[in-house]
């Protein structure tokens, strides 16, 4: 199945895939050293896939670089950028003779620019070929072999069969014109292809280094609706330095979660972990988890960080309602996308919110398709939802210490959260002490 993974700008911001004002998952992975590599990375990161072959191909191109993640990668952004410009500044193909000034030893700036560029082209070819050969030591890859052969062919023409050592390539007035013509005219198509491939390697190597150092997994992906399950073992959020791992299983027969938990128990963190893991899966990237098995899903949509629209006079509740409509309108009839609604309808009173959540969840349960996770503090709704077969009840587990104080485990578990910690957290914040200070002697 081919197509485009469905996701919108609000979701990209909600789960920190794209945000122009804060830290993002994009920034976490974007460690390519060249501008071309960064451009390639951006295109890949924001081009999610709905075909297994494409996902597996990206996974392969990242995984094969993990064994060489610590191998020296001796390339510099400025030099590669200058080389790219030099190659793309096409030579006319016409030959030019040696001028009288050349014999007098008068060298123009263009002479030194060409000489430097020829030597940089040589060094780029030698270094990249060595790196590709290092990759193929672990396993031979057809495209790597093709690039090695293509690079070797270019070097043989530059060195005319002699040993490929940049320090021994003597560029002078007698050969600079022929070398310049060779590189920018005769070899230009091959060199442009090699540079494009290098940018791909640069981008994927950045991801491979992170994956290897942090032990990320590569998800197993199946055709849409084959297993009817999204299964994650030991998933966690990419930004957590000391993460608590969770096991997740969303099944079509229990496709809707009613997720409850006290403030600070970790509801928002777990839903962001699930959503970002699914997105990374569908761009062929490694994921912060021990293992993931999932069918292809149509997309991910979230409603997490919404703001009142003062210009249009929309209340927070109405903004939430409009957002829910936007999400549903983007789904095809047979969709198996994941919808995440965090603290749904918090912009209205308790009674209205309860009725609205109840009606929305029952309506979603009647739709044959999308998965949904609805988080809420209104735990009493569970009694009215018990008879809906496709709804499962999950909670963020809180334990007590020897003094009876709450201990946040940040682990998800079946059931309904009964803890009411609002007042405890309010007292912990010190707000009442601050108010008492204002009272003075009174």
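Values computed for the structure shown
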read-out	value
Criterion violated by residue 264 - all others in (1) closer than 24 Å to residue 24 by Cα; (2) buried (at least 18 other Cβ atoms within 10 Å of the Cβ) satisfied	(2)
Evaluation of residue 356 against (1) in contact with a strand residue (DSSP E or B) (Cβ under 9 Å, 6 or more places away or on another chain); (2) crowded, with 17+ Cβ neighbours inside 10 Å (one fails), failing number	(1)
Conditions (1) closer than 25 Å to residue 323 by Cα; (2) within 13 Å of the chain's Cα centre (by Cα); (3) surrounded by 15 or more Cβ atoms within 10 Å (Cβ to Cβ); number of the one not met by residue 31	(1)
Unique residue being closer than 23 Å to residue 408 by Cβ and in contact (Cβ under 8 Å) with a residue 24 or more places away in the chain when the list is 326, 320, 343	343
Odd one out for residue 21 among (1) buried (at least 18 other Cβ atoms within 10 Å of the Cβ); (2) out of contact with any strand residue (DSSP E or B) (no Cβ under 9 Å at 6 or more places or on another chain); (3) closer than 30 Å to residue 306 by Cα	(1)
Any hit, the range 241-257, residues being assigned to a strand (DSSP E or B), in the same structural domain as residue 371 (by TED's automatic domain parsing) and within 15 Å of residue 286 (Cβ to Cβ)	no
Which listed residue, of 339, 327, 292, is in the same structural domain as residue 233 (by TED's automatic domain parsing), over 24 Å from residue 246 (Cα atoms) and crowded, with 19+ Cβ neighbours inside 10 Å	327
Elements of type helices (runs of 4 or more DSSP H) contained in the range 12-92, each with 2 or more residues being outside the structural domain of residue 130 (by TED's automatic domain parsing), over 15 Å from residue 206 (Cβ atoms) and at pLDDT 95 or above	none
Residues of the range 299-327 classified as outside any helix (DSSP H, G or I) and at pLDDT 95 or above, total	4
Tally, over the range 183-193, of residues that are in contact with a helix residue (DSSP H, G or I) (Cβ under 8 Å, 6 or more places away or on another chain) and surrounded by fewer than 20 Cβ atoms within 10 Å (Cβ to Cβ)	5
The range 160-177: number of residues that are in a helix (DSSP H, G or I) and free of Cβ contacts under 8 Å to residues at least 12 places away in the same chain	2
Check on residue 372, surrounded by 17 or more Cβ atoms within 10 Å (Cβ to Cβ) and outside the structural domain of residue 46 (by TED's automatic domain parsing)	yes
Meets criteria (in contact with a helix residue (DSSP H, G or I) (Cβ under 7 Å, 6 or more places away or on another chain), farther than 22 Å from residue 210 by Cα and in contact (Cβ under 8 Å) with a residue 40 or more places away in the chain) for residue 246	no
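Table: residues versus (1) surrounded by fewer than 17 Cβ atoms within 10 Å (Cβ to Cβ); (2) more than 23 Å from residue 18 (Cβ to Cβ).
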site: 181; (1), (2): no, yes
site: 196; (1), (2): yes, yes
site: 205; (1), (2): no, no
site: 215; (1), (2): yes, yes
site: 242; (1), (2): yes, yes
site: 245; (1), (2): yes, yes
site: 279; (1), (2): no, no
site: 288; (1), (2): no, no
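The values are calculated or read from the model by the stated rules, or taken from the named source; none is laboratory data. Here the structure is a predicted model, which is why all the values come from computation and not from measurement. Virtual Cβ from ideal backbone geometry, glycine too; neighbours counted across all protein chains shown.
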